[in-house]
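The structure appears right after this line, and notes come after that.
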Amino acid sequence: MKEISYNPLTPEESFIIEEKGTEPPFTGEYDDFYELGTYICRKCETELYKSADKFDAHCGWPAFDKEVVGAVIRLPDPDGIRIEIQCSNCNSHLGHVFIGEAFTETNTRHCVNSISLKFVPGGQSSR
């Protein structure tokens, strides 16, 4: 049986990704970032989001209106109100998904911690 190997995490990354923490709003490196490329999971490098699906929700975290098909799972949050989103490959905490805010045609906002992501340049831009 092959051993699964993940990227090492700093204590701050581990707090958010493994302990389901949240980075402070407007502090993440990808909040106001609109380069061409793909966003992957910091822990396992699974493709999660495309830059073409990123938009400015003015919420303080990167916002996407859809994920790469099959890349993200949705689970009820322990608070009983929100829906948590996780990487479908390694279960890393990404953030939360909100439905019905009418920001985009999909009516969906994935509110993601920058620290849960890595950016890979190239591809199509949302701008």
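Quick one: net charge around CYS59, please, counting Lys, Arg +1 and Asp, Glu -1 for every other residue with C-beta under 14 Å from its C-beta.
-3
What full-extension length gain, to one decimal in nm, is calculated for SER5 and THR46 as 0.36 nm per residue of separation minus the Cα-Cα distance?
Values: separation 41, 0.36 × 41 = 14.76 nm, distance 1.28 nm.
Between SER5 and THR46, full extension yields 13.5 nm more.
Out of GLY80, PRO25, PRO121, whose Cα points farthest toward the positive end of the dipole of the chain (charges: +1 Lys, Arg; -1 Asp, Glu; placed on Cβ)?
Of the listed residues, the answer is PRO121.
Run a plain Debye calculation on the range 16-74 (Cα atoms as equal point scatterers, no solvent) and give log10 I(q)/I(0) at q = 0.28 Å⁻¹, rounded to two decimals, same order as the q list.
Debye curve over Cα of the range 16-74, log10 I(q)/I(0) at q = 0.28 Å⁻¹: -1.40.
Which ³J(HN,Hα) values in Hz, rounded to whole numbers, follow from the phi angles of the range 63-69 under the Karplus curve 6.51 cos²θ - 1.76 cosθ + 1.60, where θ = phi - 60° and Gly and Pro get x?
Rounded to whole hertz, the list is 10, 10, 9, 7, 9, 5, 3.
Viscosity 0.890 mPa s, temperature 25 °C: what is the translational diffusion coefficient of the range 11-121 from Stokes-Einstein with a Kirkwood Rh over Cα pairs, rounded to a whole number of µm²/s?
Details: Rh = 13.7 Å.
So the translational diffusion coefficient is about 180 µm²/s.
Give the list, by residue number, of cysteines in the chain with no other Cys Cβ closer than 4.7 Å, or say none.
Lone cysteines by the Cβ rule: CYS59, CYS111.
If you average the sequence gap of Cα pairs under 8 Å that are 6 or more apart and divide by the length of the range 11-121, what percent do you get for the contact order?
In percent, rounded to a whole number, it is 31.
Mind checking the dipole of the range 11-121: about its Cα centre, +1 per Lys or Arg Cβ, -1 per Asp or Glu Cβ, Debye to the nearest 20?
Numbers: 10 positive and 20 negative charges, 57 e Å.
Once rounded to the nearest 20, the dipole reads 280 debye.
Rounded to the nearest 500, what is the chain's calculated 222 nm mean residue ellipticity when only DSSP H runs of at least 4 contribute -39500 (n - 2.57) each, over all residues? Provide the component values of the computation, followed by the final result.
On the way: 1 runs with 7 residues, N = 127.
Dividing the helical sum by the residues of the chain leaves -1500 deg cm²/dmol.
The numbers here are math on the coordinates, done by the rules we state, and not lab data. Just so you know, these numbers come straight off a predicted model, no measurement behind them. Reconstructed Cβ throughout: ideal geometry from the backbone, glycine too, with neighbour counts over all protein chains shown.
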